[in-house]
1. Please give me the summed charge of the neighbours of Pro16: other residues whose Cβ is under 12 Å from its Cβ, Lys and Arg +1, Asp and Glu -1.
2. For the stretch 4-217, just the Cα atoms, rotate onto the principal axes and tell me the three extents in Å, largest first.
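Read the figures in this text as sums done on the coordinates, not as results from a lab. Predicted model only: the values in this text are computed from it and were never measured. Note: ideal-geometry Cβ built from the backbone for every residue, glycine included; neighbour counts use all protein chains shown.
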Amino acid sequence: MNTSVVLVPGAPALVPELSGTAAVESAHRVAGVLDGLRRASAHASAVRVVGTDPAGRTLGDVRSTLRRWGADVPVGRPDSPLAPHDAVPDAALIAWWLLDRAEIDLPRTFTGVTGTSHTTPRAGADDLVVVVADGPASLTPRAPVPEDPRGVELDGRLGRWLREPGALPDPGQTVAREIGWWSRPAWRVLADLVDGRAAHESFSWAPFGVGYHWAWWR
């Protein structure tokens, strides 16, 4: 696929209106994500977002809010139709928020992938594909899932995989569920998209015991 591919984190904790002062810990990293998205979209004509969604939903260019997490922050292009309440998957909401913050005013769509199947999105040569995915949520005692050395090891391997060519490290669905690697389906799609190539740019961080990663395949 002759497209530009970007990996972004999908955590509501990155949104200042949702996490308050805790977002300060990631502010400089979020700024890096936004800068990378701007550069990656410079020659794009549309954005195709992929993320894990148990319902496997797809969306067109709609707008919504972050109200489900407690803050009525609008997301989406202002001229797009308003989606019904709860119709927009979590991964799409965060992707929309990041695209808005990066001031990327391109048509956008969302493809949700599940744990039993993963569909590589159809994209044109001038499209930007944004994959929303996190590492395991079991990296420290403050994580959503009890600290697990298997999660710590996997997150480190995922960070290295972004920088080095090779196969995606994948412990399987059972272990992924136990260590809070809920984004596994989206990572598998990402692996298909980049086909063993290392990212041109990447960085990783984990302020809340969850692995966050950004990468760009030009």
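1. Residues close to Pro16 contribute a combined charge of -1.
2. 46, 38, 33
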